[in-house]
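Asker: Below you'll find the structure I mean.
The values are calculated or read from the model by the stated rules, or taken from the named source; none is laboratory data. Small disclaimer: the values here were computed from a predicted structure and weren't measured. Here the Cβ positions follow ideal geometry from the backbone for every residue, glycine too, while neighbour counts run over all protein chains shown. In case anyone asks, the SASA skips ligands and DNA or RNA and just uses the protein heavy atoms, side chains included. Shrake-Rupley method; radii C 1.70, N 1.55, O 1.52, S 1.80 Å.
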Number of protein chains: 2
Amino acid sequence: MPPELIAVLIAVSDDRPMVLTLDGGRLLPSGPLEAGHRSLQTGLRLWVEHQTGHALGHVEQLYTFADAPVDGGPDERRVMISYLALTRIRRGERGWRGWYEYFPWEDQTAPEGRDLVVRIAGLLEGWAGRAPSAARQEARRQRVALTFGLEGLGWDDELVLQRYELLWEAGLVPESAPPGEAVLPGMGMARDERRVLATAMARLRAKIRYRPVIYELMPDSFTLLHLQRTVEAVAGQPMHKQNFRRLVAQQGLIEETGEVAPDTRGRPARLFRFRREVIGARRIAGSKLPLARAV
Amino acid sequence: MPPELIAVLIAVSDDRPMVLTLDGGRLLPSGPLEAGHRSLQTGLRLWVEHQTGHALGHVEQLYTFADAPVDGGPDERRVMISYLALTRIRRGERGWRGWYEYFPWEDQTAPEGRDLVVRIAGLLEGWAGRAPSAARQEARRQRVALTFGLEGLGWDDELVLQRYELLWEAGLVPESAPPGEAVLPGMGMARDERRVLATAMARLRAKIRYRPVIYELMPDSFTLLHLQRTVEAVAGQPMHKQNFRRLVAQQGLIEETGEVAPDTRGRPARLFRFRREVIGARRIAGSKLPLARAV
DNA sequence: ACCTTTATACTCATGTTGAGCATAATAGGG
DNA sequence: CCCTATTATGCTCAACATGAGTATAAAGGT
């Protein structure tokens, strides 16, 4: 069985990060590496275009997964090479879903997300208490606190995969819960797809801190607030407005278009565009996140 | 053809980063994923142990490579899933080689490495001038300057792979040079192994900045200078001594053993040990590098 | 005693970051 | 036309981090 190529396409629409799915949101675009494919990336592009009609721009390899072998099953097991692609939604495209539909607890900009983490903390405390020994219980509690930023440790937006795997182990997600047991809100996916999505989210959240990839998710011109809302949507965390502007300004990666945003409430905002020329011409420090404390 | 698992084992000995090789330094430990392997990592461990006798500790997946399909060749091509492992050299083990034997220009702590970059800059200027159009020439020059830190841009120690691939394109390494043509110093390896090694070096150099992985390369007790020399050896860059100590001290990741180093010249240095307990108990900021300017 | 060598403690200027205050410019209601 | 709500934008401040350098301590060798 040849390795499978699987893609996570991300776009941001109306300040919501979206992922392109198939089969009613249960699958990601994917297909086997074939002899005719000139490279892994070529194969991926062909499959994605064939299945979704969406042409890929820049893609980045994420991780290679293998599922566990089945006793008495086929000799070979599925190997999945996953990729992340940043793009924009084209008119009329279907299959795009908000990524927080799959991971509601990852949205710490909204009160619902924060409340959900409080609820999860309670459930995981129960799980920790069910460990066989006192030492194990303590280890579980420490892991929970670190992963979900409890006890004053602070929320780390990059721990998407770790949080999902912890909830998986605790039987709180549909993929692992005993039948009939209550599970957390959040859509499940087929096979390992939700792990792949979690990996993509974590990578993107990490990457916007040190590479200006956020602009691949923006339209040609945008206001500073729009840019900030996009970063907040991806990071799942609120930011300090003035400091965000200061940072963006001193990076010198954008320039004014000279126009102002139409149909605005309040004072009209100037429009900016990304200066594509600077990519490659300069060492890019990226876009550190002036994160406000999660109120 | 099942995917192949390939490992880059790194250790530091006598302030030199070393890599475990086979076949006189031309190969890295590797082997195909088999039906009996419980996971990718398990398979990797078995192959490495079988081929080198070295048991693996913590490993990290690096990247998945595929070679180009050959016209008229077999239907399937080699897929390599690569891993990085940090370890220590055990007594009597053979096959360890200094990684700067393969990439001499990556050692910017020594004058030889810095001189070599000056020479490379000249050769690449010639290569840039041979581009077909003025625009292409300029693009090449920009890429060279950025990748090798010319024109005041500063050396970026994490661009190991980019530098190797540029030299490959320019035909300056044995893997790509026309037969009989002069090439740069630095041992070649079989197949794609040198690219895998470059990927591992880049990842490790990046990682020591934000995770305390350097301690996996240290003996149980060490002096601060020994620690600094190890970081410098990995990063290939000199650092400011006092600031390095300040950083290490305020991280609180190490503690005094109470003893001092034997057989020292000058004032004897206190010995320290890594506090394993803090891993997992705390969010680790890692070990930023107080890099001195490359004199 | 003095010199070389390494260890270690401080100082200082500059830059970065988190937080907040103040003011500007628009629309819409009274 | 004034007032208010709303968003945009400019500016200050304290705390902390960082790069660089000076000064002093403790050993061995001649």
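Asker: Between B:TRP168 and B:THR257, what is the FRET efficiency for a Förster distance of 56 Å, r being their Cβ-Cβ separation, to the nearest 0.05?
Answerer: Working from the Cβ atoms, E equals 0.75.
Asker: In nm, what does the list of distances from A:GLY171 to its counterparts in the other copies look like, shortest first, when each label sits 7 Å along Cα to Cβ?
Answerer: Nearest to farthest, the other copies are at 6.6 nm.
Asker: How many angstrom separate the Cα center of the stretch A:221-256 from the Cα center of the stretch A:2-28?
Answerer: When both Cα centres are located, 25 Å separates them.
Asker: Something else now. For the modelled label position 7 Å from the Cα of A:ALA190 along Cα-to-Cβ, which residues of the stretch A:27-47 have backbone nitrogen atoms closer than 14 Å?
Answerer: Within reach of a label on A:ALA190: A:27-32.
Asker: Mind checking how much accessible area A and B bury in total, 1.4 Å probe, in Å² rounded to 100?
Answerer: That pair of chains buries around 2300 Å² in total.
Asker: Right, next: Taking the Cα centre of the stretch B:4-99 as the origin, how large is its charge dipole in debye, to the nearest 20, when only Lys and Arg (+1) and Asp and Glu (-1) carry charge on their Cβ atoms?
Answerer: Value, rounded to 20: 480 debye.
Asker: Per residue, how large is the accessible surface of the stretch A:94-197? Use a 1.4 angstrom probe and give square angstrom. Kindly include the intermediate steps, with their values, before the conclusion.
Answerer: On the way: 4930 Å² over 104 residues.
Computed with neighbouring chains in place, this is 47 Å² per residue.
Asker: Also, I was wondering about something else. What size of dipole, in debye to the nearest 20, comes out for the protein assembly as shown about its Cα centre when the only charges are +1 on Lys and Arg C-beta atoms and -1 on Asp and Glu C-beta atoms?
Answerer: 2000 debye
Asker: I would also like to ask the following. May I ask you to give the percent of accessible area on chain A that is carbon plus sulfur, with a probe radius of 1.4 Å?
Answerer: Here it works out to 50 percent.
Asker: Still on this structure, I have one more. Under the definition of Cα pairs under 8 Å and six or more residues apart, what whole-number percent is the relative contact order of chain B?
Answerer: 17 percent
Asker: Further, regarding this structure: Would you list the P(r) distribution for the stretch A:4-99, with all Cα-Cα distances sorted into 5 Å bins from 0 and each bin expressed as a whole %?
Answerer: Histogramming the stretch A:4-99 at 5 Å steps yields 2, 13, 22, 23, 17, 11, 6, 3, 1, 0 percent.
Asker: Moving on to the next point. Could you tell me the distance between the Cα centroids of the stretch A:32-106 and the stretch A:176-203, to the nearest Å?
Answerer: 16 Å
Asker: Could I ask something else about it? Looking at A:PRO174, A:ALA131, A:VAL118, which one has the Cα that reaches farthest to the positive end of the dipole of the stretch A:104-186 (charges on Cβ: Lys, Arg +1; Asp, Glu -1)?
Answerer: With unit charges placed on the Cβ atoms, the residue in question is A:ALA131.
Asker: Still on this structure, please answer the following. How long are the three semi-axes of the equivalent ellipsoid for the stretch B:26-76, computed from the Cα gyration tensor as the root of 5 times each eigenvalue, in whole Å, largest first?
Answerer: On the way: eigenvalues 125, 33, 28 Å².
They are 25, 13, 12 Å, listed from largest to smallest.
Asker: Along the positive direction of the dipole of the stretch B:4-99 (beta-carbon charges: Lys, Arg +1; Asp, Glu -1; about the Cα centre), which of B:LEU86, B:ALA66, B:PRO29 reaches farthest?
Answerer: Result: B:LEU86.
Asker: Now for a different question. Tell me, what is the Rg over Rh of chain B, with Rh the Kirkwood radius over Cα pairs? Please report the intermediate quantities before stating the final value.
Answerer: Working: Rg = 20.8 Å, Rh = 20.9 Å.
Over the Cα atoms of chain B, Rg/Rh equals 0.99.
Asker: Semi-axes of the stretch B:210-278's equivalent ellipsoid from the Cα gyration tensor, sqrt of 5 times each eigenvalue, largest first, rounded to whole Å?
Answerer: Working through the eigenvalues yields semi-axes of 18, 16, 12 Å.
Asker: Separate question: Using unit Cβ charges (K, R positive; D, E negative) and no other charged atoms, how large, in debye to the nearest 20, is the dipole of the stretch A:203-249 about its Cα centre? Working shown, then result.
Answerer: On the way: 9 positive and 3 negative charges, 52 e Å.
About 240 debye.
Asker: Please build a GNM for chain A, connecting alpha carbons under 10 Å apart, and tell me which residue among A:PRO178, A:PRO32, A:PRO132 fluctuates the most.
Answerer: Maximum among the listed residues: A:PRO132.
Asker: With the label 7 angstrom out along Cα to Cβ, how close does A:ARG245 come to the same site in each of the other copies, in nm, nearest first?
Answerer: The answer, with the shortest distance listed first, is 4.6 nm.
Asker: Counting only pairs 8 or more places apart or on different chains, how many lysine pairs in the protein assembly as shown have C-alpha atoms closer than 20 Å?
Answerer: 8
Asker: In deg cm²/dmol, rounded to 500, what helix-only [θ] at 222 nm does the protein assembly as shown give when every DSSP H run of at least 4 residues adds -39500 (n - 2.57) and the total is split over its residues? Can you show the working numbers first?
Answerer: Working: 14 runs with 190 residues, N = 590.
Helix-only estimate at 222 nm: -10500 deg cm²/dmol.
Asker: Moving on to the next point. Can you give the convex hull volume per residue for the Cα atoms of the protein assembly as shown, as a whole number of Å³?
Answerer: Cα-based convex hull of the protein assembly as shown, divided per residue, equals 204 Å³.
Asker: How would you classify the stretch B:105-186 from its alpha-carbon gyration tensor, with a ≥ b ≥ c the square roots of the eigenvalues: rounded for a/c under 1.5, else prolate if a/b is greater than b/c, otherwise oblate?
Answerer: oblate
Asker: Cut-off 11 Å, label point 7 angstrom out along Cα-to-Cβ of B:HIS50: give me the residues of the stretch B:3-40 whose amide nitrogen falls inside.
Answerer: Under cut-off, by backbone N: B:30-37.
Asker: How high is the FRET efficiency from B:LEU22 to A:ARG276, r the C-beta distance, R0 35 Å, rounded to 0.05?
Answerer: So, using R0 = 35 Å, E works out to roughly 0.15.
Asker: Quick one: with label points 7 Å out along Cα→Cβ, list the inter-copy distances for A:LEU123 in nm, shortest first?
Answerer: 5.9
Asker: Let me ask something else about it. If you build a Gaussian network model of chain B, linking Cα atoms that sit under 10 Å apart, which residue out of B:ALA170, B:ALA35, B:ALA145 swings the most?
Answerer: Highest fluctuation of the listed residues: B:ALA35.
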